[in-house]
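Colleague: Sharing a structure, written as structure tokens. Questions coming.
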Amino acid sequence: MELIKLHPPVVHFAIAFPVFLLLVDIYYIWKKKSPDGLHALLTYLSTLAVLAGVVSGILAYEPIEEKLYKIPVFEPHKYLGFFLAVYFLALALLRWLLGKYTQKVWLRNLFTLLLAVGVLLLFIQGRWGGSIVYDYLLKTGL
């Protein structure tokens, strides 16, 4: 299997896990339930999925590097990917702190807010990635 073909399936996990985590997180808040092992597992899987998306993006990028720089949305997509990797690592650290300081409501609320922002940024990232493939590479034959 060519490395470039790894990126599309991997990035779907990088969106699906954080979205599912956000739904679980909101459900826990609604039910007044403290974050538990499932919450932690989903946080760390989300972080790993985002990191895998970035790594697979780097691997997919190399064979078609010259073509990608002709696409206006490519550089923002690339830099947002790097930012999201760091962002979700920080979110995982915040989740670890949340496990240590379970009574800190502000920490819990901060986690939820940052997770929601992260999911929105992932949607933007996915839109840009889709645009690169469908609006440029496939339509124009770059």
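We did not get these values from a lab; they are worked out from the coordinates using the rules stated. Quick caveat: nothing in here was measured; it's all calculated off a predicted structure. Reconstructed Cβ throughout: ideal geometry from the backbone, glycine too, with neighbour counts over all protein chains shown.
Colleague: Which lysines have a Cα less than 29 Å from the Cα of Lys70, not counting those fewer than 8 places away in the same chain?
Modeller: Lys5, Lys78, Lys139
Colleague: A further question follows. Let me have the 222 nm mean residue ellipticity of the chain computed from DSSP H runs of 4+ only, each contributing -39500 (n - 2.57), with the sum over all residues rounded to the nearest 500.
Modeller: Mean residue ellipticity at 222 nm (helix-derived): -26000 deg cm²/dmol.
Colleague: Tell me which lysines have Cα within less than 17 Å of Lys32's Cα, excluding those fewer than 8 residues away on the same chain?
Modeller: Of all the lysines, those that pass the test against Lys32 - Cα under 17 Å, at least 8 places apart if same chain - are Lys104.
Colleague: DSSP loop GluC sites (Glu not before Pro) in region 1-107 with at most 10 other Cβ atoms within 10 Å of their Cβ, which ones? Walk me through the intermediate numbers first.
Modeller: Values: sites: Glu2, Glu65, Glu66; in loops: Glu2.
The qualifying sites are Glu2.
Colleague: Could you point to the residue in Pro72, Leu22, Val50 farthest towards the positive end of region 3-138's charge dipole, with +1 and -1 charges on the Cβ of Lys/Arg and Asp/Glu respectively?
Modeller: Among Pro72, Leu22, Val50, the one farthest towards the positive end of the dipole of region 3-138 is Leu22.
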